[in-house]
Amino acid sequence: MQTPQEGTARCHSGCVLKHDPGRRWLFRSWRAVLGTFGALTLAGSALFAGGPALAQLQAPALGPAVAYRAAPSISDVKAKVNKLNDEAEAATEAYNGAKEKRLSLQKRLSAAQTRLKLEKKTVAEARTNVGRLAAQMYRTGDLADLTVFLGSKEEALRVQSGMTSTIADRQAAALETLREAERKLTQQETDLKAQTQKLAATEKTLRQSEKTVKKKLSEAKAELSRLSEAEQRKILQGAGNIANSCQAVAAEPPNARAAKALKFACAHLGDPYLWGGNGPSAFDCSGLTKAAWSAAGVSIMRTAADQASSSGGKHISSSNLLPGDLVFFNSPITHVGIYLGDGLMVHAPHTGDVIRVAGVTYNTLTDAVRF
């Protein structure tokens, strides 16, 4: 229950405002001002306190946030691209090796198929011969009738006179021939199966190597795309370039073969690198060296590692290099060039580059061979 004083006070202020519109407007305006001041006071407190109210006062977002990405360092991109190119080249050499092995296995498989066909024919003829001998013996037992399979009356007379083997001997020999033919047939079937399995495994390696090469090159391309075109060219085509011509080197090849190999390589300066390339106008590293020495009349293997282990070459130290020598890099070996002289070589570097004269990187040089 309200006291008279409380009721009177409330009624007095309420009634005055109710019956005086001017004072009522002034009261409402003053209350709005006080409310605004209070809100600004709270916001200011939040601003200085760093509280959550600050976030509420920020302007609404105009769209999805964009993550800041620092400009890539040319040196970092170069290091990544070089690493990826090295890995791609290693996969390329594995691809080249698998391709060569596939070619060899295809030839062996074809030969095995031919041998199997001949053995089947031999077995069929041996079985026929045994069957004819058995039928002849069963039918008559008469040696005079051996002309059926001996081929002439004269041969039959020699058998009758004891000058040649008897029908029993012939039958035993025919059976032995059949058994030997069947044994060889089994061997050829086993060999054919083995060659087929090896070829399938090599095909799998070939596909995997090709997939790896493309993946590494795609990753390198993605890294390069972060740079300008001029920066990309600097990384792809600027590193290690010493001269545009082999004439910059005065060293003479030790023999005519080396001279021919170098002449071939130098004639292809500027041709593009192509992984798995064997020419005539695009090569990878070992494709170039194989083609160069082939032009000199020397047949060498297809991959860099196989060229380094070739029985026809002589291993030499890095201090005794002569023009025409093959120089090999990395461990295991994944790259090869042809030594030009004065610490320079001709080589096909990597995808995006061309055949060029470059300095020998002695810190990664692992072997050298002279043919």
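Does the range 325-345 contain any residue that is within 25 Å of VAL81 (Cα to Cα), among the charged types (D, E, K, R) and in contact with a Phe, Trp or Tyr (Cβ under 6 Å, 6 or more places away or on another chain)? No, because not a single residue in the range 325-345 is within 25 Å of VAL81 (Cα to Cα), among the charged types (D, E, K, R) and in contact with a Phe, Trp or Tyr (Cβ under 6 Å, 6 or more places away or on another chain). Every listed requirement among (1) at pLDDT below 90; (2) surrounded by fewer than 17 Cβ atoms within 10 Å (Cβ to Cβ) is met by ILE235 save one, (2). Here is the figure for the range 199-235: residues that are more than 17 Å from LEU84 (Cβ to Cβ) and in a loop (DSSP other than H, G, I, E, B) total 1.
Please determine whether any residue of the range 272-291 is over 28 Å from the mean Cα position of the chain (by Cα) and not in a helix (DSSP H, G or I). No, the range 272-291 contains no residue that is over 28 Å from the mean Cα position of the chain (by Cα) and not in a helix (DSSP H, G or I). Count of the range 343-352 residues, restricted to those that are in a loop (DSSP other than H, G, I, E, B), buried (at least 21 other Cβ atoms within 10 Å of the Cβ) and either in contact with a Gly (Cβ under 9 Å, 6 or more places away or on another chain) or not assigned by TED's automatic domain parsing to the domain that holds SER331 (or both), is 2.
Take the residues of the range 353-371 that are part of a loop (DSSP other than H, G, I, E, B) and of a type outside the set (Asp, Glu): which is surrounded by the fewest Cβ atoms within 10 Å (Cβ to Cβ)? Top of the filtered list is ASN363.
What about ASP284, is it at pLDDT 95 or above and under 15 Å from VAL354 (Cβ atoms)? Please lay out each step first, then the result.
Working: at pLDDT 95 or above: yes; under 15 Å from VAL354 (Cβ atoms): yes.
In short, yes.
LEU321 meets each of the listed conditions (1) surrounded by fewer than 19 Cβ atoms within 10 Å (Cβ to Cβ); (2) out of contact with any Lys or Arg (no Cβ under 6 Å at 6 or more places or on another chain) apart from (1). Of all residues in the range 72-116, those satisfying the criterion of being touching a residue at least 40 places away in the same chain (Cβ under 8 Å) and of a type in the set (Val, Ile, Thr) are ILE74, VAL77, VAL81, THR92.
All of ARG179, ARG257 fail the test of being farther than 23 Å from PHE328 by Cβ and assigned to a helix (DSSP H, G or I), apart from ARG179.
Looking at ALA282, ALA308, can you tell me which residue is without any contact (Cβ under 8 Å) to a residue 12 or more places away in the chain, outside the structural domain of LEU217 (by TED's automatic domain parsing) and surrounded by 15 or more Cβ atoms within 10 Å (Cβ to Cβ)? Explain how you work it out, then say what you get.
Details: ALA308 fails: without any contact (Cβ under 8 Å) to a residue 12 or more places away in the chain.
The conditions single out ALA282.
Among all residues of the range 101-123, there is none that is small (Gly, Ala, Ser), modelled with pLDDT of 90 or more, crowded, with 17+ Cβ neighbours inside 10 Å and within 30 Å of HIS350 (Cα to Cα).
Give the range 319-342 a look and list any residue that's outside any strand (DSSP E or B), more than 26 Å from the chain's Cα centre (by Cα) and among the hydrophobic types (A, V, I, L, M, F, W, C), or say none. So that I can check it myself, show each step before the final result.
Residues of the range 319-342 that are outside any strand (DSSP E or B), as a first pass: 319-325, 330-334, 342.
Going one step further and asking which of them are more than 26 Å from the chain's Cα centre (by Cα), we end up with 319-325, 342.
LEU321, LEU322, listed by residue number.
Are any residues in the range 263-275 surrounded by 17 or more Cβ atoms within 10 Å (Cβ to Cβ) and touching a residue at least 40 places away in the same chain (Cβ under 8 Å), and if so, which ones? Within the range 263-275, ALA265, CYS266, HIS268, ASP271, TYR273, TRP275 meet the criteria.
The values are calculated or read from the model by the stated rules, or taken from the named source; none is laboratory data. Here the structure is a predicted model, which means the values were calculated and not measured. Reconstructed Cβ throughout: ideal geometry from the backbone, glycine too, with neighbour counts over all protein chains shown.
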